[in-house]
Amino acid sequence: TEPGTTAASLLERRERSFAAVQEHYFDSPPRIERGWREHLVDTEGRCYLDMLNNVTILGHGHPGLSEAVHQQWQRLNTNSRFHYESVVSLSERLAALLPDGLDTVFLVNSGSEAVDLALRLAWAAAGRQDVVAVGEAYHGWTYASDAVSTSVADNPGALASRPDWVHVLPAPNAYRGSHRGPDAERYGPLAADSIRELARSGRPPAAFICEPYYGNAGGMALPDGYLRQVYEATRAAGGLCVADEVQVGYGRLGSHFWGFEQQGVVPDIVTVAKAMGNGHPLGAVITSKEIADTYRSQGYFFSSAGGSPVSSVVGLTVLDALRDEGLQENARIVGGHLRDRLLELADRHPLIGAVHGTGLYLGVEFVRDRATLEPAAEETAAICERLRELGVVVQPTSDRLCVLKIKPPLCLTRESADRFAAVLDDTLTHGW
Ligand code: PMP
């Protein structure tokens, strides 16, 4: 190994040159330089199971994707003001995946950009700025996407520092919010009342934004009927409904390609990123032509790399691989199996308060007491460190950082799912 390139010395160099606010996973992170499917390999040759990577849906080192990108780079990369086939095909393919009416596409480079643009479209369409968001949410780091991010795990000051055009509804958390279990069905009517009240007070929202399956809270389904009730109230107030599918969309749920399908609603604006590029910077906003055209009042829209030939080829190759490799179906089958294994662990380990989610969008919530639901945050952090020692990469999530975030590549095999369950069982049995 060259001097200055061991994992520890590289970390020192990172600390000197890279903004410290961009944190890294683990206290002593392994130096990861290769990946293959759901595995990561460090420079010591150690192989880790990647249960965390919600971006690389096809898996690491995908040969078809790497070949397509290589060829396109050799041919051409430019911007979408030029006229070429891939940007048209990608836009058509995205629109075809969505219900009728969601037929017009903007291509950008990240989830934050997609959410920012979605909100700006809603502002342009409604001619006003108030936006309703939910608690425990993360939507990005740009001005507007950060404004509607309410997660205190990502920003402890979040709730106190939202701009006054952001109105935050209580987190519809059916496990530990103020309405639990069957009582969680009250969140929808209560949220609709709040939106009507905003409208009566002269501040009707331009938009309501929410992840249609609750990612930041730990991969939880929203209460049945929640989005239907909130969307109705938002539209009655003249606002638009934005579904942030950046994390949950693209087949991860197994049962549905989009999270909003699970709630039986159709949004007005959909944001996509992460999975769409399998790690390449790629995002999109899909809406109706009518809403898209309102952006003209803001000037023109241009993104230098959004929808470039290389990015468009990435987007098309990801969609082909997702279909040809049956990855949504794999998420349904292997995710269902993994969920059963985790539920079986919950029977034996009282630290597991709940197993959330569906498909390969799962969360294991650790509590010190199943009655009080006291979050086991220190235990969760220590368990993640121990799992890393045992060759599994996973991290805490939720506002209380007591949920294991389980969002692996969608090519996860049944054997890898079993290995994860076995290593977690071992850790919970023998300590961390
Ligand atoms: N929305 C959601 C739901 C997300 O999970 C994220 C990323 N964690 C974003 C938006 C922002 O995406 P990006 O990091 O690509 O800017």
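A few remarks follow.
- Most fluctuating residue given options 29, 408, 189, as computed from a GNM of the chain linking Cα atoms under 10 Å: 29
- Which of 107, 119 has the fewest Cβ neighbours within 10 Å, and the rest in rising order: 107, 119
- Dipole size of the chain about its Cα centre, with +1 on Lys/Arg Cβ and -1 on Asp/Glu Cβ: approximately 520 debye, rounded to the nearest 20.
- Under the combined filter of DSSP loop state and at most 13 neighbouring Cβ atoms within 10 Å, region 1-96 retains these GluC sites (Glu not before Pro): 23, 44.
- Charge dipole of the chain about the Cα centre (unit charges at C-beta), most positive-ward option of 11, 205, 334: 205
- Three-way shape call for region 97-246 based on the alpha-carbon gyration tensor, with the a/c threshold at 1.5: rounded
- Partner aspartates and glutamates for residue 289 [C-alpha distance under 20 Å; skip if fewer than 8 residues away on the same chain]: 92, 100, 103, 113, 116, 244, 245, 268
- In the chain, the calculated helix contribution to ellipticity at 222 nm averages -11500 deg cm²/dmol per residue, counting -39,500 (n - 2.57) for every DSSP H run with n ≥ 4.
- Among 164, 293, 224, residue whose mean-square fluctuation peaks in a GNM of the chain (springs only between Cα atoms under 10 Å): 164
- 5 angstrom amide H check on residue 149, placed H, neighbours 5+ away: 139
- Per-residue HN-Hα couplings for region 174-182 [Karplus 6.51, -1.76, 1.60; θ = phi - 60°; Hz; x = Gly/Pro]: 6, 8, 9, x, 6, 10, 10, x, x
- Between 341, 16, 81, the Gaussian network model of the chain with springs among Cα atoms under 10 angstrom shows the greatest mean-square fluctuation at 16.
- Phi-derived couplings, Karplus 6.51 cos²θ - 1.76 cosθ + 1.60 at θ = phi - 60°, listed residue by residue for region 267-283: x, 8, 9, 10, 10, 9, 6, 5, 4, 4, x, 6, x, 6, x, 7, x Hz, with x used for Gly and Pro.
- For region 152-197: rounded, prolate or oblate by the Cα gyration tensor [a/c cutoff 1.5]: oblate
- Cα centroid of region 219-264 to Cα centroid of region 405-432, whole Å: 29 Å
None of the figures in this text is laboratory data; all of them are computed from the coordinates on show. All of these numbers come straight from a predicted model, not from anything done at the bench. Cβ sites come from the backbone with ideal geometry, for glycine too, and all protein chains shown count toward neighbours.
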